[in-house]
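Asks: Dropping a structure here in structure tokens format, bear with me for questions.
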Amino acid sequence: MKRAEKEQLVTELRDKLTAAQSLYYTDFTGLNVKRMTELRRRLKRVGVEYVVIKNTLALRAVNESGLVGEPLKGPTGLVVGKDPVAAARVLTEFAKEFEEKPTVKGGLLQGKKIDNAQLKRLASLPSREQMLADLAAGMQSPMAAFVGALNGLLYMFAGALDALKTQRQGA
């Protein structure tokens, strides 16, 4: 590649990284073209991009984007996305299906380094919709208990009024 093409690649990757929330480094050794295409498809479905670029160019783009990356060794693919949980989930599910490939070398989540164990914990988080549903259910539960208590007080009050009415009619 010519120098101008390399600079253009670095610039494009830097722009993607500045807009991204997460960056994961993967080693794609052992994946054939069919599996790589499947991985790219799955990542694209959740709005994440998989980029294979020379390690020196990738490190330059990461450093130019304001993040601090570690030196990369061996074949490296970059997973760049705005949704860190979805990207982590796709990577871990794909690795489970295909003999732990690709392996995750590490990554950056909102500018902080993460390792493979943290990535697996991130992948095990429930989806955003599930967390919102749990929050709504948690907020609804105390309100329902309060309404039930008020309803019980109203029934007791109505029963007391009824008892008073029957007492006065009898006397």
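Asks: Tell me the residue from Arg60, Arg89 that is of a type in the set (D, E, K, R), buried (at least 18 other Cβ atoms within 10 Å of the Cβ) and over 30 Å from Ala4 (Cα atoms), please.
Replies: That would be Arg89, the only listed residue that is of a type in the set (D, E, K, R), buried (at least 18 other Cβ atoms within 10 Å of the Cβ) and over 30 Å from Ala4 (Cα atoms).
Asks: Sort out which residues of region 9-57 are among the β-branched types (Val, Ile, Thr), surrounded by fewer than 17 Cβ atoms within 10 Å (Cβ to Cβ) and under 19 Å from Asp83 (Cβ atoms), and write them in order of number.
Replies: So in region 9-57, the residues among the β-branched types (Val, Ile, Thr) come out as 10-11, 18, 26, 29, 33, 37, 46, 48, 51-53, 56.
From what's left, surrounded by fewer than 17 Cβ atoms within 10 Å (Cβ to Cβ): 11, 18, 29, 33, 37, 46, 52, 56.
Within region 9-57, Thr18, Val46 meet the criteria.
Asks: Which of the numbered conditions does Met36 fail, given that it passes all the others? Conditions: (1) more than 12 Å from the chain's Cα centre (by Cα); (2) farther than 30 Å from Arg3 by Cα; (3) in the same structural domain as Leu13 (by TED's automatic domain parsing).
Replies: (2)
Asks: Assuming Val104 fulfils every condition listed in (1) closer than 27 Å to Arg3 by Cα; (2) surrounded by 15 or more Cβ atoms within 10 Å (Cβ to Cβ) apart from one, which condition is it?
Replies: Going through (1) closer than 27 Å to Arg3 by Cα; (2) surrounded by 15 or more Cβ atoms within 10 Å (Cβ to Cβ) one by one, Val104 breaks only (1).
Asks: Only residues that are free of Cβ contacts under 8 Å to residues at least 40 places away in the same chain and assigned to a helix (DSSP H, G or I): list them for region 23-37, please.
Replies: First pass over region 23-37, keeping only residues free of Cβ contacts under 8 Å to residues at least 40 places away in the same chain: 32-34, 36-37.
Residues satisfying the conditions are Val33, Lys34, Met36, Thr37.
Asks: When region 121-147 is examined, which residues are found to be exposed (fewer than 10 other Cβ atoms within 10 Å of the Cβ) and within 30 Å of Ala95 (Cα to Cα)?
Replies: Selection gives Glu129 alone.
Asks: Would you please list the contacts, defined by Cβ atoms under 8 Å and residues six or more apart or on different chains, that run from a residue in region 110-137 that is at positive phi to a residue that is modelled with pLDDT of 80 or more?
Replies: Correct list of pairs: Gln110/Ser22; Gln110/Pro84.
Asks: Quick check: anything in region 148-166 part of a helix (DSSP H, G or I) and surrounded by 11 or more Cβ atoms within 10 Å (Cβ to Cβ)? If you could, list the steps in order and put the result at the bottom.
Replies: Let us first name the residues in region 148-166 that are part of a helix (DSSP H, G or I), namely 148-166.
Filter once more, keeping what is surrounded by 11 or more Cβ atoms within 10 Å (Cβ to Cβ): none.
So far as region 148-166 goes, no, none of its residues is part of a helix (DSSP H, G or I) and surrounded by 11 or more Cβ atoms within 10 Å (Cβ to Cβ).
The values are calculated or read from the model by the stated rules, or taken from the named source; none is laboratory data. For clarity, every value in this text was computed on a predicted model and none was experimentally measured. Ideal geometry is used to build each Cβ from the backbone, glycine not excepted, and the neighbour counts take in all protein chains shown.
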